[in-house]
Amino acid sequence: MMILRSSPASPYARKVRIAADLLGLSGKIELRDVDLNDPADSIRVQNPLGKIPALILADGTVYYDSRVIVEYLDHLSGGGHIVPRDTKARFEALRLQALCDGLLDACLLLVYEGRYRPPEMHVQSWLDRQSDKVARGLAVLEAAPPALQPSIGLPNVGQITLACLLGYRDLRFAGTWRKEYPRLVAWFDDFAAQVPAFNATRVAA
């Protein structure tokens, strides 16, 4: 049995959980929550970065971050399911994953700024820089949402990450993205309808 150290609200852990479900591996993974604010939490030993998710194998090997974990899970399931084998499709999926992970990083920095730093210590130019990253990235995605083609296989890692990004914008930013990005809203609804694990991993705001 593998162990996934995670937190219900983590979009990166959500990515892994959705991938595991799509690949038929959920029954082989035990979820164990992490308290990142607790210095005694063993996550700091399992992952020296002290970040989630981290996947602990039966032999004690630990994989992190989410990009490595989902690739390992795809490998474990035989490969080529959510990380395409075809070179062009593979790098399109990995590029989309990188973009959406980068946008999630910017979103988390904005959340953490409000959570951990008092207002008088905020640096508006730094906040604007993160917000600009998100706006630019969402504009690119709105212009050409990635096609969902359930008839030819599972959603890929990039599409899974995009869904987790939009879900996180709903969770932590009150869904404010929806007014400006109607094509992404339609894409998001299609993804949620096609991937039951997405709604199963939803957490309340």
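The values are calculated or read from the model by the stated rules, or taken from the named source; none is laboratory data. Given the structure is predicted, the values throughout are model-derived calculations rather than measurements. Neighbour counts are summed over all protein chains in view; Cβ atoms, including those assigned to glycine, are modelled from backbone coordinates with ideal geometry.
Would you pick out the residues in the range 166-198 that are surrounded by 14 or more Cβ atoms within 10 Å (Cβ to Cβ) and either of a type in the set (Val, Ile, Thr) or touching a residue at least 60 places away in the same chain (Cβ under 8 Å) (or both)? Of everything in the range 166-198, those that are surrounded by 14 or more Cβ atoms within 10 Å (Cβ to Cβ) and either of a type in the set (Val, Ile, Thr) or touching a residue at least 60 places away in the same chain (Cβ under 8 Å) (or both) turn out to be Gly167, Tyr168, Arg169, Leu171, Arg172, Phe173, Val185, Val195, Ala197, Phe198.
Select from the range 44-99 the residues that are of a type in the set (Asp, Glu) and in contact (Cβ under 8 Å) with a residue 24 or more places away in the chain and list them in ascending order. Give the steps one after another, and end with the answer.
Of the residues in the range 44-99, the ones of a type in the set (Asp, Glu) are 59, 65, 71, 74, 86, 92.
Within the range 44-99, Asp65, Glu71, Asp74, Glu92 meet the criteria.
Here Ala204 passes the criteria (1) touching a residue at least 12 places away in the same chain (Cβ under 8 Å); (2) closer than 23 Å to Ser66 by Cα except the one numbered (1).
From Asp65, Asp35, which residue is within 17 Å of Cys164 (Cβ to Cβ) and either within 20 Å of the chain's Cα centre (by Cα) or modelled with pLDDT of 95 or more (or both)?
Values: Asp35 fails: within 17 Å of Cys164 (Cβ to Cβ).
None of the others qualify; the one that does is Asp65.
Determine if the range 152-165 includes at least one residue that is free of Cβ contacts under 8 Å to residues at least 60 places away in the same chain and either surrounded by 15 or more Cβ atoms within 10 Å (Cβ to Cβ) or touching a Cys at 6+ places or on another chain (Cβ under 8 Å) (or both). No, the range 152-165 has no match at all. For Arg85, the criteria (1) in a helix (DSSP H, G or I); (2) surrounded by fewer than 18 Cβ atoms within 10 Å (Cβ to Cβ) hold in every case but one, which is (1). Here Asp128 meets each of (1) free of Cβ contacts under 8 Å to residues at least 40 places away in the same chain; (2) surrounded by 12 or more Cβ atoms within 10 Å (Cβ to Cβ) with one exception, condition (2).
So how many residues does the range 46-78 have that are β-branched (Val, Ile, Thr) and either touching a Ser or Thr at 6+ places or on another chain (Cβ under 7 Å) or surrounded by 18 or more Cβ atoms within 10 Å (Cβ to Cβ) (or both)? Lay out the reasoning, then the answer.
Step one: of the range 46-78, the residues β-branched (Val, Ile, Thr) are 52, 56, 61-62, 68-70.
When the remaining residues are screened for being either touching a Ser or Thr at 6+ places or on another chain (Cβ under 7 Å) or surrounded by 18 or more Cβ atoms within 10 Å (Cβ to Cβ) (or both), the result is 52, 56, 69-70.
So the answer is 4.
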